[in-house]
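**Student:** Pasting a structure here, questions to come.
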Ligand code: SIN
Ligand code: FE2
């Protein structure tokens, strides 16, 4: 009985798996900080709330987004770009919380990227049914820095492709607190998220939150 009691409060162990030269998955690396990350998120959302952006073609992106940091990723009828100003509020994006920056820097270090200095954190909110098509992150001014991606909340099936769109795609189950890092030779790997299934997580409710840290 006592065993059961302690099982429920035990933290899952961090497990770092190198998938290739430039790609690492850090299972549960953000688990310990997740309540803090979510608390910071609620403060950020008061300044720059989630919104559904449109693409140049007029298609509404079904993943809701916001940003923190010096710059934010935006999409509208003019296309994708980084902007220091949140177009919704007309003012700067909220500052990147120290807890966010430190976590991203440490996860990059653990994955072999020493000098990561994230300037942008794109925050995605996926409801059941939301997905992100296979793409490369290539709006950044440099590809020398890695991408650090933190998953919170309900399960996602992450699609990890190769350097070209036609390369084989593997599916990686990402759960609350998992961190993926890709950079160096893998910086331009195709990736995406399969349609999210229904679920519930005590910290996020019925959604998945993803924090993507980039340097530009
Ligand atoms: C992204 O590619 O911008 C986000 C990936 C994710 O949500 O895991
Ligand atoms: Fe991406």
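The values are calculated or read from the model by the stated rules, or taken from the named source; none is laboratory data. Predicted, not measured: the structure shown is a model, and the values here were computed from it. When we count neighbours, we look across all protein chains shown, and the Cβ atoms used for this are built from the backbone with ideal geometry, even at glycine.
**Student:** Using the structure shown, decide if residue 208 is buried (at least 23 other Cβ atoms within 10 Å of the Cβ), within 12 Å of ligand 1 (Cβ to nearest atom) and more than 20 Å from residue 161 (Cα to Cα).
**Tutor:** So residue 208 fits the description; yes.
**Student:** Tell me yes or no: at least one residue of segment 105-113 is more than 20 Å from residue 187 (Cβ to Cβ) and surrounded by 15 or more Cβ atoms within 10 Å (Cβ to Cβ).
**Tutor:** no
Each row is one residue, and each column tells you yes or no for (1) buried (at least 21 other Cβ atoms within 10 Å of the Cβ); (2) closer than 15 Å to residue 63 by Cα; (3) modelled with pLDDT under 95; (4) within 15 Å of ligand 1 (Cβ to nearest atom).
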position: 118; (1), (2), (3), (4): yes, no, no, yes
position: 127; (1), (2), (3), (4): no, yes, no, yes
position: 138; (1), (2), (3), (4): no, no, yes, yes
position: 144; (1), (2), (3), (4): no, no, yes, no
position: 147; (1), (2), (3), (4): yes, no, no, yes
position: 151; (1), (2), (3), (4): yes, yes, no, yes
position: 156; (1), (2), (3), (4): yes, yes, no, yes
position: 169; (1), (2), (3), (4): no, no, no, yes
position: 183; (1), (2), (3), (4): yes, no, no, yes
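**Student:** If I ask for residues that are under 16 Å from residue 91 (Cα atoms) and either in contact (Cβ under 8 Å) with a residue 60 or more places away in the chain or in contact with a strand residue (DSSP E or B) (Cβ under 8 Å, 6 or more places away or on another chain) (or both), which ones from segment 36-59 would you list?
**Tutor:** Within segment 36-59, 44, 45, 48, 49, 50, 51 meet the criteria.
**Student:** Oh, and also: Quick check, is residue 111 in contact (Cβ under 8 Å) with a residue 12 or more places away in the chain and over 15 Å from the mean Cα position of the chain (by Cα)?
**Tutor:** Yes, satisfied.
**Student:** Criterion first (within 11 Å of ligand 1 (Cβ to nearest atom) and surrounded by fewer than 18 Cβ atoms within 10 Å (Cβ to Cβ)) does residue 133 satisfy it?
**Tutor:** So residue 133 fits the description; yes.
**Student:** Quick one: is residue 99 outside any strand (DSSP E or B), surrounded by 21 or more Cβ atoms within 10 Å (Cβ to Cβ) and away from ligand 1 (no atom under 14 Å from the Cβ)?
**Tutor:** no
**Student:** Residue 176 fails exactly one of the following numbered conditions: (1) touching a strand residue (DSSP E or B) at 6+ places or on another chain (Cβ under 6 Å); (2) more than 10 Å from ligand 1 (Cβ to nearest atom); (3) farther than 17 Å from residue 29 by Cα; (4) not in a strand (DSSP E or B). What is the number of that condition?
**Tutor:** (3)
**Student:** Would you say residue 196 is at pLDDT 95 or above, assigned to a loop (DSSP other than H, G, I, E, B), within 12 Å of ligand 1 (Cβ to nearest atom) and buried (at least 17 other Cβ atoms within 10 Å of the Cβ)?
**Tutor:** The answer is yes for residue 196.
**Student:** Within segment 184-215, count every residue that is more than 13 Å from ligand 2 (Cβ to nearest atom) and either in contact (Cβ under 8 Å) with a residue 60 or more places away in the chain or touching a helix residue (DSSP H, G or I) at 6+ places or on another chain (Cβ under 6 Å) (or both).
**Tutor:** Residues flagged as more than 13 Å from ligand 2 (Cβ to nearest atom) and either in contact (Cβ under 8 Å) with a residue 60 or more places away in the chain or touching a helix residue (DSSP H, G or I) at 6+ places or on another chain (Cβ under 6 Å) (or both) within segment 184-215 amount to 15.
**Student:** OK, next. Write out, first by first residue and then by second, each pair whose Cβ atoms fall under 7 Å of each other, whose residues are 6+ apart or on separate chains, and whose first residue, in segment 138-150, is farther than 16 Å from residue 111 by Cβ while the second is assigned to a strand (DSSP E or B).
**Tutor:** Going by the 7 Å Cβ cut-off, the qualifying pairs are 139/73; 139/80; 139/81; 139/82; 140/214.
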